[in-house]
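Visitor: Handing you this structure, nothing more for now.
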Amino acid sequence: MSGSIKTERMATEKIPSLVLRYTATTFAALLFSALYNIVDALFVSRGVGDNAMGGVSIVMPFMLLQGAIAQTVGAGAASIVSRLLGKKEYAKAGEVTFNAMLVFYGTAIILTIIGFFFMEPILSLLGAKAEILPLARQYFVIILAGNVFSTGFSSIIRAEGRMTYALLIWLLPTGINIILDAVFIFGLHMGVRGAALATILCQFTSAMMWVLFITKYSCQRFARPRIHWKTIQKIIGIGIPVLVQMGSLSVMTFMLNNLLSSTAGIMGVKAFAYISKLITFGIVPFMAVAQATAPIIGFNQGANQLARVRKTVTFSVAICLGYAAATLIITQLAAGGFIRVFTNSPDLIASGAHGLRIIALALPFVPLPMLAGS
């Protein structure tokens with residue numbers, strides 16, 4: 001079945017069925033990625049130590065910033081691409097994707113250069129102190145080296161309705177990451193460097209799968225693409241809500257690490273490292289619904305089927321709010337058990353559980369802005 005035929009499902013299939021099917025595929029990919037984050041934290045905490053996990057957490061705001069840029073460009077481009085595909089304008093869609101790639105790779109290179117030239121000031125600003133600093137430095141150097149591979153543009157793949165490939169571009173690289181974590185940390189005893197190397201090899205795999213997609217499977221046409229500044233402005237403009245969401249998460253993590261470092265010491269930084277992993281895992285269904293509905297809304301907007309757009313939004317909000325209520329209750333009851341998965345330290349368990357219960361109170365307020373931004 002060609003990519004163009006698959007996109008037609010977004011115009012004809014019943015909305016609840018379509019949303020649930022797209023969400024299930026996206027959820028499977030995101031869940032596997034979130035499980036990888038949990039497993040990665042387990043490898044680092046159990047295989048290297050709590051200090052190493054603190055070092056990884058210190059670098060996280062930078063990784064979130066790069067992720068915010070990737071998601072901004074990807075979401076902005078996917079919105080335009082899905083609407084162009086709804087109009088069957090495949091060459092224009094290809095030009096949008098080409099310009100999105102230029103923006104992402106250009107910013108990734110700039111951030112990498114800045115990171116290498118100002119590494120010590122950046123790590124100090126991020127809150128790296130005492131025994132955490134050398135571990136954060138070891139991790140940061142390798143992450144910077146592979147920064148240019150940090151997206152596979154899965155959102156653009158989903159815009160074509162190619163949900164299976166969008167799933168595989170998450171599953172295969174993260175599976176490789178988990179295996180390499182075990183090999184590098186427990187087999188080769190590479191410590192936190194092994195965790196970083198496994199991460200960038202995962203990202204490289206995703207990037208190569210993206211290259212394969214656009215050269216072999218995409219229904220977009222890439223004949224003689226050109227730089228188009230107005231298209232770039234549209235991509236960034238549409239992606240701004242995603243940048244605000246993810247960029248604010250980067251800023252918030254940076255501020256929290258600094259505040260915790262100065263008020264609660266290394267213990268606070270390490271506790272937040274585990275809390276952030278769990279919260280990221282907890283919001284995966286919100287992300288899945290938001291990412292799954294974006295191409296459905298974009299396609300039907302382009303096809304001028306506004307009733308289907310409204311049904312998609314209403315159904316998506318109902319799913320997310322129901323999940324938020326259930327997750328909040330579970331977290332309040334089992335916070336200590338969640339933290340205990342990562343560490344045996346009584347102080348870390350007590351501190352982490354207390355923080356997790358407080359942060360979980362925000363869960364019911366997460367889906368609406370996330371869906372609106374998407």
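Visitor: Averaging over all projection directions, find the projected area of the Cα convex hull of the chain and quote it in nm² with one decimal place.
Guide: That works out to 17.5 nm², a quarter of the Cα hull's surface.
Visitor: How far, in nm, would the chain grow between ILE240 and SER262 when pulled straight, counting 0.36 nm per residue and subtracting the alpha carbon separation? Before the final figure, lay out the partial values.
Guide: Working: separation 22, 0.36 × 22 = 7.92 nm, distance 3.22 nm.
So the extension gain works out to 4.7 nm.
Visitor: In terms of solvent-accessible area of protein heavy atoms at a 1.4 angstrom probe, what is the ranking of TYR139, TYR323, highest value first?
Guide: The most accessible residue leads, giving TYR323, TYR139.
Visitor: Another question about this same structure. Tell me the angle of helix 163-181 to the major Cα principal axis of the chain, expressed in degrees between 0 and 90 and rounded to the nearest ten.
Guide: 20
Visitor: Right, next: To the nearest 0.05, how large is the calculated FRET efficiency for MET255 and ILE113 if R₀ is 25 Å and r is the Cβ-Cβ distance?
Guide: Working: r = 25 Å, r/R0 = 1.00.
It comes out at approximately 0.50.
Visitor: Sticking with the crude label model, points 7 Å out along Cα→Cβ, report the distance from VAL211 to ALA182 in nm, one decimal please.
Guide: 2.8
Visitor: Sorted by accessible area (1.4 Å probe), largest first, how do HIS228, HIS189 line up?
Guide: Numbers: HIS228 50, HIS189 145 Å².
Sorted by accessible area, descending: HIS189, HIS228.
Visitor: Against the longest alpha carbon principal axis of the chain, how many degrees, from 0 to 90 and to the nearest 10, is the axis of helix 90-117 turned?
Guide: Compared with the principal axis, the helix lies near 20 degrees.
Visitor: Could you list, in their original order, any pairs among LYS88/LYS311; LYS87/LYS277; LYS88/LYS234 whose Cα atoms are separated by more than 31 Å?
Guide: Details: LYS88/LYS311 23 Å; LYS87/LYS277 40 Å; LYS88/LYS234 19 Å.
Going by Cα-Cα distance, LYS87/LYS277 fall outside the 31 Å limit.
Visitor: Given +1 on the Cβ of Lys and Arg, -1 on the Cβ of Asp and Glu, and no further charges, what dipole in debye does the chain carry about its Cα centre, rounded to the nearest 20?
Guide: Working: 27 positive and 11 negative charges, 262 e Å.
Once rounded to the nearest 20, the dipole reads 1260 debye.
Visitor: Would you calculate the separation in nanometres between label points at LEU368 and ARG46, each defined as 7 Å from the Cα along the Cα-to-beta-carbon direction?
Guide: Between LEU368 and ARG46, the simple spin-label model gives 4.0 nm.
Visitor: What is the distance, in nm, between label points placed 7 Å from the Cα along the Cα-to-Cβ direction at THR164 and at ASP347?
Guide: Between THR164 and ASP347, the simple spin-label model gives 5.3 nm.
Visitor: With angles folded into 0 to 90 degrees, how steeply does helix 15-47 sit against the dominant principal axis of the chain? Use alpha carbons for both and round to 10.
Guide: Helix 15-47 sits at roughly 20 degrees to that axis.
Visitor: Along the charge dipole of the chain, pointing to its positive end and built from +1/-1 on Cβ of Lys, Arg, Asp and Glu, which listed residue (MET60, ALA264, MET208) has its Cα farthest out?
Guide: Highest projection toward the positive end goes to MET208.
Visitor: Please give the calculated 222 nm ellipticity per residue for the chain, where each DSSP H segment of at least 4 residues contributes -39500 (n - 2.57) and the sum is spread over every residue; nearest 500 deg cm²/dmol? Before the final figure, lay out the partial values.
Guide: Numbers: 16 runs with 304 residues, N = 374.
Calculated from helices alone, the mean residue ellipticity at 222 nm is -28000 deg cm²/dmol.
Visitor: Based on alpha-carbon centroids, what's the gap between the range 262-284 and the range 37-91 in Å, whole number please?
Guide: Using only Cα atoms, the two centres lie 18 Å from each other.
The values are calculated or read from the model by the stated rules, or taken from the named source; none is laboratory data. Quick caveat, the model's predicted, so the values are computed rather than measured. For neighbour counting, all protein chains shown are included, and Cβ atoms are generated from backbone atoms with ideal geometry for every residue, glycine included. Just the protein is used for accessible areas: all its heavy atoms, side chains included, with ligands, DNA and RNA removed. Shrake-Rupley method; radii C 1.70, N 1.55, O 1.52, S 1.80 Å.
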